[in-house]
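The values are calculated or read from the model by the stated rules, or taken from the named source; none is laboratory data. Note that the structure is predicted; figures quoted are calculated from it, not measured. Glycine gets a Cβ as well: all are built from the backbone with ideal geometry, and neighbour counts include every protein chain shown. Accessible surface is based on the protein model in full, side chains and every heavy atom, while ligands, DNA and RNA are left aside. Shrake-Rupley method; radii C 1.70, N 1.55, O 1.52, S 1.80 Å.
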Amino acid sequence: MKVSEMPYKRITVEEFKEQAEMIIKKIRSAKSAEDLKNARNDFNKISEEIETACSLANCRFTLNTRDEFYNAEMDYYDNAMPLFSEIENDYKKAILDSPYRTEAEKLINPRVFKGFEMSLKTFSPEVIEDLQQENALVTKYSKFMGELAFEFEGEKMPLSVLRGKLEDDSRDVRKKAAEAIGKTMEENADTFDEIFDGLVKIRTQIARKLGYKNFVELGYYRMGRVDYDEKMVAAFRKSVETDIVPAVAELKERIRNRLGLDKIMYYDDAVSVTGEMPRPVIGTKEIFDNALKMYNDMKPEIGDFMQRMLDAEAFDVEARDGKFGGGYCTTFAKYKQPFILANFNGTSGDIDVITHEFGHALAADYMFKFAEPDYPTGMETHECHSMSMEFLCHKYMDGFFGDKSDKYRYKHIVDALSFIPYGTIVDEFQHIVYENPDLTPDERKSEYLKLEKKYRPYLSFEGIPYLELGTRWQYQMHIYESPFYYIDYCIAQCVALGFLGLSRDNFEDALEKYVDFLKKTGGISLGELIEGAGLKSPFVENALKETAENALKAITETENKI
Ligand code: ZN
């Protein structure tokens with residue numbers, strides 16, 4: 001079925017409640033573990049209906065944000081979401097409290113129960129009002145950032161456009177862009193501080209009402225992390241400090257020399273090659289033809305899936321007036337169909353759509369076949385799927401970037417490795433902030449500055465208005481919108497770099513391991529998935545040393561060709 005032909009019907013809170021209550025009744029009167037399993041199947045079916053309805057409504061809204069019908073549907077679900085969650089929690093509680101639970105764990109993957117336990121830890125009717133307050137602050141920040149106009153050389157522009165200039169070939173343009181970011185942020189410093197302070201306070205209050213010392217533990221539960229905890233993440237950050245930071249510092253020094261810079265300023269961080277940036281040398285139609293060829297060559301079943309995506313018209317990539325400006329991969333569970341939205345603009349980002357987003361889509365396709373819908377899967381695992389696929393596609397980049405493909409590969413690996421220290425700063429910063437909720441806005445900034453020196457000692461913010469005070473994090477939307485999310489990108493990046501290393505040694509073998517990783521997702525833990533691929537878990541000692549060595553080796557080999 002083509003995505004545009006999928007029928008949409010709203011599922012109301014009342015309908016869901018009625019069906020869920022019947023299932024909960026069945027669970028309470030169950031006579032065997034088998035009864036519990038059947039009730040779970042019933043519940044998964046109605047969940048699938050809701051999920052599909054929400055994601056169809058959201059998708060059609062993003063295809064045309066002016067569509068009145070889907071605008072109203074989105075408003076409906078925004079309000080209904082907390083009510084859906086409340087009902088869902090009642091169901092999970094009934095399953096966990098059942099006397100047949102232990103027996104049912106022999107019929108249902110025990111990870112499902114772990115996931116249920118975790119989601120119950122994040123909610124109590126007592127905090128509904130606080131949650132609404134938190135959501136209102138998050139929306140305030142998103143709106144504020146979306147509307148904030150930055151002035152650059154007399155022209156007003158959104159941050160997304162201005163940030164593009166931080167990659168400009170001219171250092172002067174980059175410097176002016178950084179100054180423009182700092183200046184506009186400084187003018188709005190009070191708003192940035194106030195919203196964040198409000199968020200820290202309300203999140204701390206929610207955590208305390210739910211019986212936690214501070215927001216950190218709750219933040220981890222909210223991320224649904226069944227496979228790793230605070231201690232493991234702390235060890236990971238330590239390894240980043242000892243193993244990744246020196247490698248990136250060495251790399252940055254090499255780049256500084258090659259580019260002839262006196263020092264690496266914040267606005268030089270995104271630049272590792274000079275001259276024209278690698279861009280696709282072919283048009284949209286050829287990009288898709290080429291992608292199909294690439295995936296057929298990789299593995300026939302992956303090529304088949306690409307063909308199925310094309311047949312279902314499951315890519316919408318042309319930029320249009322009224323279309324949502326970002327990009328994503330979503331799924332319509334009822335139809336077992338992934339969908340990708342993007343806005344092609346002629347930059348290397350267009351190729352990410354058919355590598356990164358396609359990696360998400362392919363994983364979703366395997367998960368429809370091999371996983372069950374309530375298996376807990378963390379964001380880091382999803383990003384392993386997509387970021388690893390980006391690297392597995394390296395071999396085929398000549399077809400997209402022509403004679404600039406080595407430049408593309410080089411920049412891609414440099415960016416991937418140097419991202420890890422930044423992502424770690426974001427994570428440690430949030431731990432400090434939520435462990436010490438009474439810090440003042442200025443104290444938070446000075447903590448941030450200390451972290452920049454610890455993890456990115458090679459980078460200078462000196463003289464850049466406002467940003468030199470330790471405020472770079474204020475335009476990192478995750479810090480406001482999705483606390484503790486960011487480390488997932490760092491963990492996934494390490495795994496993806498692992499796949500890069502494997503693929504450079506033996507492509508076929510790396511691909512088999514990658515496909516196996518996708519097929520087993522959800523059913524086993526992250527650690528088991530990584531181990532199954534023959535990689536070292538990024539949480540164990542010395543693992544990141546290997547990550548850094550492998551990445552530097554690949555960078556050096558590619559550097560000689562650019
Ligand atoms: Zn992604």
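Residues to consider are Lys520, Lys561, Lys553, Lys513; find the one that is among the basic types (Lys, Arg) and in contact with an Asp or Glu (Cβ under 7 Å, 6 or more places away or on another chain). Steps first, please.
Working: Lys520 fails: in contact with an Asp or Glu (Cβ under 7 Å, 6 or more places away or on another chain); Lys553 fails: in contact with an Asp or Glu (Cβ under 7 Å, 6 or more places away or on another chain); Lys513 fails: in contact with an Asp or Glu (Cβ under 7 Å, 6 or more places away or on another chain).
Result: Lys561 is the single residue among Lys520, Lys561, Lys553, Lys513 that is among the basic types (Lys, Arg) and in contact with an Asp or Glu (Cβ under 7 Å, 6 or more places away or on another chain).
Please indicate, with yes or no, whether at least one residue in segment 22-45 is closer than 26 Å to Phe339 by Cβ, among the polar types (S, T, N, Q), touching a Lys or Arg at 6+ places or on another chain (Cβ under 6 Å) and touching a residue at least 60 places away in the same chain (Cβ under 8 Å).
Step one: of segment 22-45, the residues closer than 26 Å to Phe339 by Cβ are 41, 43-45.
Cutting the leftovers down to among the polar types (S, T, N, Q) gives us 41, 44.
Narrowing further to those that are touching a Lys or Arg at 6+ places or on another chain (Cβ under 6 Å): none.
Looking for residues that are closer than 26 Å to Phe339 by Cβ, among the polar types (S, T, N, Q), touching a Lys or Arg at 6+ places or on another chain (Cβ under 6 Å) and touching a residue at least 60 places away in the same chain (Cβ under 8 Å), one finds none in segment 22-45, hence no.
Please pick out the residue among Ile420, Ile432, Ile425 that is β-branched (Val, Ile, Thr) and open to solvent by 30 Å² or more (accessible area, probe 1.4 Å). First the steps, then the outcome.
Working: Ile420 fails: open to solvent by 30 Å² or more (accessible area, probe 1.4 Å); Ile425 fails: open to solvent by 30 Å² or more (accessible area, probe 1.4 Å).
Just one listed residue meets the conditions, Ile432.
Would you pick out the residues in segment 372-381 that are open to solvent by less than 20 Å² (accessible area, probe 1.4 Å) and touching a strand residue (DSSP E or B) at 6+ places or on another chain (Cβ under 8 Å)?
Thr381 - this is the single residue of segment 372-381 that is open to solvent by less than 20 Å² (accessible area, probe 1.4 Å) and touching a strand residue (DSSP E or B) at 6+ places or on another chain (Cβ under 8 Å).
Mind listing just one residue for me: the one in segment 382-402 that is touching a His at 6+ places or on another chain (Cβ under 9 Å) and within 11 Å of the ligand (Cβ to nearest atom) and, of those, most open to solvent (accessible area, probe 1.4 Å)?
His382
I want to confirm something. Restricting to segment 329-364 and keeping residues that are under 21 Å from Val515 (Cα atoms) and not in a helix (DSSP H, G or I), which single residue is farthest from the ligand (Cβ to nearest atom)?
Lys336
Select the helices (runs of 4 or more DSSP H) contained entirely in segment 98-186, then report the ones holding at least 3 residues which are open to solvent by 90 Å² or more (accessible area, probe 1.4 Å) and more than 30 Å from Ile24 (Cα to Cα).
In segment 98-186, 128-147 are the helices (runs of 4 or more DSSP H) which contain 3 or more residues that are open to solvent by 90 Å² or more (accessible area, probe 1.4 Å) and more than 30 Å from Ile24 (Cα to Cα).
I'd like the full set of residues that are closer than 14 Å to Leu392 by Cα and of a type in the set (A, V, I, L, M), limited to segment 339-352.
Ile351
Within segment 322-342, which residues are out of contact with any strand residue (DSSP E or B) (no Cβ under 8 Å at 6 or more places or on another chain) and open to solvent by 40 Å² or more (accessible area, probe 1.4 Å)?
Gly325, Lys334, Tyr335, Lys336
Sort through Phe69, Phe43 and tell me the only one that's closer than 24 Å to Gly327 by Cα, aromatic (Phe, Trp, Tyr), modelled with pLDDT of 95 or more and over 27 Å from the mean Cα position of the chain (by Cα).
Just one listed residue meets the conditions, Phe69.
If you take the residues in segment 204-224 that are within 17 Å of Glu428 (Cβ to Cβ) and touching a residue at least 60 places away in the same chain (Cβ under 8 Å), which one is farthest from the chain's Cα centre (by Cα)?
Result: Asn214.
Examine segment 284-297 for a residue that is open to solvent by less than 50 Å² (accessible area, probe 1.4 Å) and in a loop (DSSP other than H, G, I, E, B), and state whether such a residue exists.
no
Taking the stated definitions as given, is Met367 within 16 Å of the ligand (Cβ to nearest atom), open to solvent by 30 Å² or more (accessible area, probe 1.4 Å), in contact (Cβ under 8 Å) with a residue 40 or more places away in the chain and in a helix (DSSP H, G or I)?
Yes.
Among the numbered criteria (1) under 25 Å from the mean Cα position of the chain (by Cα); (2) hydrophobic (A, V, I, L, M, F, W, C); (3) crowded, with 20+ Cβ neighbours inside 10 Å; (4) within 30 Å of Pro465 (Cα to Cα), which single criterion is violated by Phe196?
(3)
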